Each structure stands twice: as C-alpha cells, then as structure tokens.
Amino acid sequence: MIARVTLEIALRKEFDYLIPPELRAQVEVGTRVKVPFGPRQVMGCVTALVEESPRTNLRAILKVVGAQSLVTPAILKLARWIADYYCCPVETALKSVLPEAVRKEEAGWRERLFARALPLAGDLPRLTKRQQEVWNIIEEWREMSLQELLNLADTTAETVRKLEDKGLVSIGPQISERDPYAREHILPTQPLALNAEQAAALQKIKAALDSKEPSTINHQPSTFLLHGVTGSGKTEIYLQAIARALQQGRGAIVLVPEISLTPQTVERFKARFCSGPLQTLVAVLHSHLSAGERHDEWHKIRQGRARIVIGARSAIFAPVDPLGLIVVDEEHEYSYKQEEAPRYHARDVAVVRGQMEGAAVVLGSATPSLESFHNAQKGKYALLQLPQRADDRKMPLVRVIDMRQEARKEKGTPIFSQKLKEEITLRLERGEQVMLFLNRRGYATSLQCPKCGFVAECPNCSVALTYHRSRQRLLCHICAYEAQAPTLCPDVKCRNPAIRYAGLGTEKVEDTLTKLFPRARVRRMDSDALKRKDDYRRILGDFRTGKIDILVGTQMIAKGLHFPNVTLVGIIYADLSLHQPDFRAGERTFQLLTQVAGRAGRGEVEGEVVVQAFTPFHPAIQYARRHDFAGFYEQEIEFREQLKYPPISRAALLTLKGRNEEKVKFSAAHLRRELEKILGSAAAPAAAVDASSTAKDGDEAPSPARASARAPRKNLSPDLIIAGPAPAPLLRAETFYRYQLMLRTRQMSKLSRLLANVLETLSLPEDVSLIVDVDPVNLI
Ligand code: ADP
Ligand code: ZN
C-alpha cells in the first residue's frame with residue numbers, strides 16, 4: 001500500500017510514501033504523518049491511498065501523528081476544491097482547514113502544564129503586587145499554558161503556585177475541557193411563535209432539510225438567500241432550522257462576521273440548545289480564543305460532542321459530520337474573504353460545502369451582496385424575504401443633510417450640521433443615547449504646510465500619514481509606520497510654524513463633541529481606543545448600562561449591536577466610502593448606511609438617522625434613505641451589466657509586487673503577453689483596472705472597463721476580458737510597488753485551471769512576486 005502525501009512545506013506537489021505494515025491499520029485519508037524528505041523529517045497529510053506509484057525507490061512513512069485522522073474525507077475534498085478554484089497549492093488550502101493549534105500538536109501535548117483561573121468565590125483575597133499582575137493576566141485569558149503565562153507575566157512558577165494556594169488558579173497537566181464561556185450562566189429559551197413570513201421561510205428550509213435527495217435531482221435549490229431587514233427575526237429562523245437538523249441527527253455551522261461574534265450572539269444559540277431533548281454542546285471558534293481553547297473546541301466538534309458550531313470565517317471548515325445546515329449571517333460582509341492565501345470567500349465555500357455534503361445553506365442579510373441577490377434572481381438560490389420587523393417597530397426615519405449648503409452657510413465645512421447638533425441636544429435632554437459614525441480613525445487625515453505645500457507621506461506607502469493627536473504621532477494606516485508629529489514644517493527651506501491638519505477622523509469628532517456638549521459623556525470606539533483584550537466588551541457594557549451618552553466610532557459600531565435606548569444615529573460623512581477606486585463603492589456605501597441606520601430605534605422610542613453628505617443625491621444614499629434594497633439592486637446591476645463587472649462576470653485580480661518599480665511594470669507587461677498566448681484573448685488595451693462607481697453618472701473620462709467590454713473576442717474563453725496592467729490604486733504599500741491585471745469571465749473554474757498552467761510556466765524576476773486573487777474583494 002502506498003500513501004499519497006501533501007507536505008507542510010509549500011510545494012505544489014504530492015509525494016508517494018510506502019506504508020510500513022505496522023502502520024497499515026492507522027493510515028487512512030486525512031491521517032497526519034511524519035515522513036522523510038531529503039535529509040529532513042516533515043509533517044504531511046495523507047490525501048489518497050493508491051496501489052501503485054509512478055515512482056520507484058519510495059521511502060516509508062516514519063510515524064502517524066495523532067490518534068484520529070484530523071482531516072475528514074469531506075473536508076479534504078473541500079480543500080481540493082479551494083486549491084483548484086482559488087489557484088493555490090493543496091497544502092496551502094489544507095493549512096487553512098485545520099486550526100494552527102490542532103495542526104501543530106504532537107503526541108506530547110497532554111503532558112504540558114496548564115494554568116486556569118477559577119471562579120471567584122467572594123472578594124479577591126489580598127495579593128502582592130507580583131501576584132496581582134499574574135492574576136490580571138490569567139483572569140483575562142482564563143486559561144493558558146503555564147509556560148505562556150510565565151513568559152507573559154515575566155515571573156516564576158513559584159508566584160503562580162502562590163495563587164494556586166489561594167484558590168484562584170488551578171495548575172494541572174490534564175487539559176480538561178476548556179470552555180471559553182464556562183463562567184456565564186445562561187437561561188434556556190423556547191422557540192418563538194413565528195409570524196406568517198417567518199413561518200413560510202422556515203417551512204421551505206425545513207423542506208430542503210427533509211428532502212433526502214441531493215438538490216441536483218429534484219431541481220430545488222437547497223441554498224437560500226434570507227433577505228430580511230434588521231430585526232425581522234432572521235436569527236429565530238436560524239435557531240428553528242438548526243433544531244430540525246439536530247432532530248435529524250445532523251449538525252450545523254453558523255458563520256457570523258468576527259466583529260459581531262459577541263457574547264450576546266453566542267448566548268442566543270447556547271440558550272436555545274443548552275437544555276431540552278436536543279441538548280448539545282455549542283462550540284465557538286474565533287480568533288480571540290487562546291490556542292488551547294481553540295484546540296479543545298475543535299476536538300469537541302470532531303468527536304461529535306458539539307453538533308453546533310458558531311464561528312468566524314474559518315469555522316466553515318469545522319469537522320461537523322454529518323452536516324445538515326450551514327448558516328452564513330450577514331452574508332454580504334467582506335470579512336468573509338480571506339486576504340491571504342488561500343484567498344477563499346467563506347460564503348462561497350459554504351455553498352460548495354453544502355452541495356458536497358447535502359446540507360442546506362441559508363445566507364442571511366438585510367443588505368445582500370449583489371452576487372447573492374443575482375444568484376437568487378437567476379434561481380440558483382431560493383429567495384426568502386422578511387420585509388417587516390418582527391417586533392412591529394417602524395424603520396427609522398432617515399434625513400439626508402446636504403453638507404455643501406452647510407458649508408456655504410457656515411463659511412467652511414462644519415463637522416456637525418445645524419440639524420445634527422439640534423437632534424443631539426434633544427437626545428441629551430431626553431436622556432436617550434446617540435451613536436455617531438465616521439469610517440476613518442485618527443484626528444486629521446493629513447498634515448500639510450500651507451506655505452510650501454509639503455504633505456507628510458509614509459516613506460513605505462503612497463499615502464499621507466494620519467495625525468493622531470492623543471499620542472502626538474503621525475501614523476500610516478497601511479503599514480503602521482509611526483513618526484513624531486512635527487511642530488514646524490519639516491522642509492529645511494521652509495520651517496513654517498503654521499502647519500495645518502486637514503481632513504477629519506473619529507478622534508477629532510470626539511474632541512469637537514466634548515467642546516460642543518461639555519456635559520455629555522462621550523466615548524470613542526475604534527481600533528485605536530481598544531488597547532486591551534476586553535476593552536470592546538467594556539465600552540459596549542458601559543454604553544448598554546447608560547454610562548455613556550454618545551458613542552463615536554468607525555464601522556466597528558455599525559454591526560449587529562442592539563441598544564434599545566439609542567434613538568439617534570448620525571453619519572458624519574456618508575459619501576466617504578463612495579470615493580474609492582472600486583466598482584463596489586456604491587454597494588459598500590449602501591450597505592454601510594443601511595446597517596448603521598439599523599442601529600437606531602430598536603427600543604420603545606422610534607429611531608432617527610441623520611446622514612451628512614456632500615453628494616446627497618447619489619443613488620446609494622437615496623435608496624438607503626428609503627430602505628429600498630430592490631431599487632438599489634436594479635440600478636446597480638445595470639451598471640455592472642454595462643461594464644461586465646461581477647456579479648455579471650467573475651473576476652480574478654493578478655497583482656505583481658516588488659521593490660523595483662520598473663521590474664514590476666515590466667513583469668506585468670510580460671504576464672499580460674503570456675496570458676494572451678495561453679488564454680487566447682485579444683482583450684482590452686492596458687489601462688486602469690478599477691472603475692469607480694462614479695463612472696456611471698457622467699464621468700467623461702473613457703472608462704477602461706467600458707473599453708474592455710467592447711473589445712473584440714476570440715475563442716478559447718469567448719467572454720474573457722483582460723484589463724491592465726495598470727498601477728494599483730495604492731501604487732506602493734509596505735515598500736512594495738504593485739501593478740495589477742484584472743481578468744473577467746463567466747467561467748471562472750475554467751479560467752482557474754488555465755491560470756494554474758500559466759503559474760506553472762511563468763518565469764518572473766526573483767524579486768517580483770505574483771498574487772492571484774479569485775473573486776477579489778479588495779482592489780486597492
Ligand atoms: P434579525 O436576526 O433579523 O436581526 P432577530 O431574530 O434578532 O432579527 O429578531 C429581532 C427581535 O425580534 C428579537 O428581539 C427577537 O427575539 C424578536 N422576534 C423574532 N421573531 C419573533 C416572533 N416571531 N415573535 C416575537 N418576537 C420575535
Ligand atoms: Zn505606510
């Protein structure tokens with residue numbers, strides 16, 4: 001018997017190894033093995049068992065690692081699909097289907113010592129300063145390896161033993177279950193009686209779960225797009241659909257964006273399934289778990305003890321078996337796309353996995369992606385709609401303020417329009433809460449010298465540095481470069497002391513607020529304000545309990561949060577996201593406005609939204625104002641159709657990067673010629689790859705995308721469009737110059753195969769690398 005093995009060192013290949021007789025019983029597809037490779041021993045994963053090998057002189061597997069094969073055949077198949085579709089080596093795909101903590105484990109892990117915080121009974125006993133420091137860390141992490149704790153606290157095991165003596169910490173070799181939510185007490189909930197629309201939607205999902213035939217036979221799609229406004233009761237449908245899957249003896253995966261994976265979200269699922277006849281463990285997978293916790297959660301699933309998994313992007317690979325249902329909540333969220341290889345989109349992987357394993361898939365959103373809604377229109381997905389809020393609350397009133405007029409009135413652009421100031425005042429008087437939203441952190445977006453024109457730029461990236469006043473630093477938001485904020489113009493010939501800070505960030509909004517409303521309690525929530533692991537939870541807790549009147553934040557506060565006392569939401573610059581060189585700019589703006597507006601009026605009092613904009617009549621803003629998704633979709637899809645952009649086509653973005661701009665440029669031109677040779681397309685001339693969405697309302701410059709659409713076509717891929725090479729919108733990032741080509745086609749799997757060939761044969765200069773991004777989300 002011979003095992004075909006992928007190795008954990010990036011080689012686009014598999015290797016054959018003999019299975020020694022004594023290991024024969026243990027080796028199966030998915031088994032992790034240690035094998036000789038040259039002079040080294042490396043870890044690998046068995047991907048197939050074969051009778052014969054084209055090679056001779058095979059070496060033998062050295063040992064089997066781990067008792068249970070970690071990668072199930074189903075997940076292995078999924079990893080192969082990812083490698084093919086997203087054009088990456090199988091090992092790269094395999095790396096992402098197993099959490100690092102699980103992949104790295106050796107037989108010896110059980111012997112390591114672990115320290116865990118015990119629940120406090122009463123007050124914290126007296127501690128020395130040293131002990132207190134250690135306790136602070138362990139309390140925050142709940143559980144960690146002793147070694148990790150000693151490193152982090154820079155202390156000795158002796159100190160930790162003292163805490164053990166005081167009954168605060170337990171130290172033990174045995175990794176009993178680590179439950180990240182162990183200390184929470186959760187009250188069970190019962191299914192709610194559904195309203196008519198919810199019932200109709202659930203009934204269709206249940207029908208798909210009940211049908212034993214694969215969807216290809218009965219021609220009924222088993223992927224659903226659940227389009228329901230915020231608060232329409234989508235989560236209740238997920239819960240009841242999961243209950244059905246459990247009744248059938250199958251499990252479920254629920255994907256939520258990392259940022260909305262809050263304890264409240266998890267609690268809703270635990271509360272429904274932590275007791276009763278369907279009782280099962282709910283496993284949680286996200287990036288804030290300790291390695292140990294992730295390891296345990298994963299094994300709970302693998303052993304079938306947890307049949308429900310809630311997690312962020314990578315939870316789509318959870319080894320739930322058999323799998324009945326996959327839910328992707330907020331399916332339009334861009335964080336489902338992984339921005340490093342394998343560059344998969346978890347929503348799309350979910351749909352593929354559902355088909356492979358005969359599971360129903362429910363994609364839920366208040367603002368579906370154009371991709372998913374298009375699929376629903378074509379009948380690929382079944383569309384389920386919940387047009388009303390479940391609690392009969394009205395949608396908030398949205399007012400758009402024309403900031404151009406405000407600027408005229410005030411002789412200069414104010415941060416707050418008259419209207420917004422009045423509305424805030426009113427809320428403060430009534431003791432209600434306000435959320436203000438600006439998708440840009442820092443104080444000012446650039447430092448300029450009005451005399452000589454100097455602008456402080458990042459030495460590594462082609463962007464201006466952002467001024468962060470609280471720290472008196474200039475910061476690059478791309479590469480995190482930092483510099484002291486100067487007090488004079490840094491140009492030696494100028495030295496003007498009257499340098500200016502232009503543009504606006506959350507820090508300045510906060511600052512201006514405290515001046516305008518000195519008695520209001522204002523807090524800012526963006527990644528700068530969150531220093532410690534639990535800051536996020538703490539600030540939200542303070543807001544919930546009314547210790548904060550006005551919360552200012554970036555998109556971090558836009559997602560899935562529910563505060564009944566928030567009756568006003570203000571959006572400082574609604575069109576900020578419109579001015580991006582990205583064909584999805586309009587879609588993003590619409591989604592953002594709708595999500596943010598959904599934060600207002602979730603309690604007894606009706607909510608109101610004030611949207612400040614410099615282009616108040618842009619369709620993305622106007623349709624969001626009227627809560628009109630269908631209207632937005634209609635006009636947006638027309639624009640995509642004209643330019644042959646996704647979802648009309650599928651795209652692959654090829655980015656070349658290197659430190660020498662000329663070489664990168666040259667390589668990009670070379671790549672284009674190679675592509676033309678193999679793909680046989682006479683596509684568009686070199687031009688910019690992106691088209692901003694403003695192109696559609698009367699931008700006179702000839703759009704490259706338009707030109708491409710008209711380009712003559714040849715056969716091999718009849719609809720292939722090649723645009724570029726062109727400099728990336730952000731030409732230089734982290735010291736690398738980048739040039740891009742964008743390919744668009746309706747047949748991406750075919751293109752992926754051809755691209756894989758091109759990658760095989762393409763020779764690039766050593767210091768130029770190529771990134772292939774299929775179905776790209778980030779074009780900058
Ligand atoms: P979504 O996930 O669409 O934002 P939720 O499922 O969170 O909506 O529902 C919003 C609120 O309405 C929640 O407080 C939920 O408990 C309540 N709700 C949902 N469905 C019903 C129902 N059928 N009857 C009464 N209340 C409901
Ligand atoms: Zn930078």
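Assorted remarks:
- Residues being farther than 13 Å from VAL65 by Cα and without any contact (Cβ under 8 Å) to a residue 40 or more places away in the chain - total across segment 14-34: 5
- With respect to (1) more than 23 Å from SER417 (Cβ to Cβ); (2) of a type in the set (Asp, Glu); (3) crowded, with 17+ Cβ neighbours inside 10 Å, the lone exception for ASP549 is condition (1).
- Taken together, the residues in segment 272-296 that are in a helix (DSSP H, G or I) and at pLDDT below 85 amount to 6.
- Note on segment 731-751: among residues that are touching an Asp or Glu at 6+ places or on another chain (Cβ under 6 Å) and away from ligand 2 (no atom under 16 Å from the Cβ), the one that is nearest to LYS677 (Cα to Cα) is THR745.
- Whenever a residue of segment 116-128 is over 21 Å from MET144 (Cα atoms), its partners that are in a loop (DSSP other than H, G, I, E, B), lying with C-beta atoms within less than 6 angstrom and at least six residues away or across chains, give the pairs PRO125/LYS166.
- Extreme residue, farthest from LEU397 (Cα to Cα), among residues of segment 623-654 that are in contact with a helix residue (DSSP H, G or I) (Cβ under 9 Å, 6 or more places away or on another chain) and in a strand (DSSP E or B): LEU654
- When PHE37 is tested against the conditions (1) within 13 Å of ALA3 (Cα to Cα); (2) in contact (Cβ under 8 Å) with a residue 12 or more places away in the chain, the lone failure is (1).
- Residues being aromatic (Phe, Trp, Tyr), more than 16 Å from ligand 1 (Cβ to nearest atom) and surrounded by fewer than 21 Cβ atoms within 10 Å (Cβ to Cβ) are entirely absent from segment 556-566.
- Just one of the listed residues (LEU741, LEU762, LEU755, LEU730) is away from ligand 1 (no atom under 16 Å from the Cβ) and at pLDDT 90 or above, and it is LEU741.
- Meets criteria (modelled with pLDDT under 85, among the small types (Gly, Ala, Ser), under 27 Å from ARG302 (Cβ atoms) and in contact with a Leu (Cβ under 7 Å, 6 or more places away or on another chain)) for ALA107: no
- Taking segment 4-32 as the range and being of a type outside the set (D, E, K, R) and within 19 Å of LYS77 (Cβ to Cβ) as the test, the residues that pass are VAL5, THR6, VAL27, VAL29, GLY30, THR31.
- The listed residue being touching a strand residue (DSSP E or B) at 6+ places or on another chain (Cβ under 7 Å) and more than 30 Å from LYS421 (Cα to Cα), out of ALA456, ALA444, ALA480: ALA456
- Pair list, Cβ under 8 Å, 6 or more apart: segment 446-459 residue over 20 Å from GLU507 (Cβ atoms) and more than 16 Å from ligand 1 (Cβ to nearest atom), other residue of a type in the set (Lys, Arg) and assigned to a loop (DSSP other than H, G, I, E, B): CYS452/LYS493
- Test for ARG524: is it surrounded by 15 or more Cβ atoms within 10 Å (Cβ to Cβ) and either within 30 Å of ARG659 (Cα to Cα) or at pLDDT 90 or above (or both): yes
- Residue count for segment 234-266 satisfying the condition of being more than 23 Å from PHE224 (Cα to Cα) and within 12 Å of ligand 1 (Cβ to nearest atom): 1.
- Test result for THR6, in contact (Cβ under 8 Å) with a residue 60 or more places away in the chain, in contact with an Asp or Glu (Cβ under 8 Å, 6 or more places away or on another chain) and of a type in the set (Val, Ile, Thr): yes
- Unmet requirement for LEU202, which otherwise passes all of (1) touching a Lys or Arg at 6+ places or on another chain (Cβ under 9 Å); (2) modelled with pLDDT under 95: (2)
- Being under 15 Å from the mean Cα position of the chain (by Cα) and crowded, with 24+ Cβ neighbours inside 10 Å holds for only one residue in ILE253, ILE308, ILE259, ILE316, and it is ILE316.
- The strands (runs of 3 or more DSSP E) falling completely within segment 1-79 that include 1 or more residues that are crowded, with 17+ Cβ neighbours inside 10 Å and modelled with pLDDT of 90 or more map to 2-7, 15-18, 32-37.
- Residue within segment 177-192 that is within 30 Å of GLU357 (Cα to Cα) and either at pLDDT 95 or above or among the aliphatic types (A, V, I, L, M) (or both) present: yes
The values are calculated or read from the model by the stated rules, or taken from the named source; none is laboratory data. Computed from a prediction, not measured in an experiment: that's the story for all the values here. Note that each Cβ is placed from the backbone with ideal geometry, even for glycine, and that neighbours are counted across all protein chains shown.
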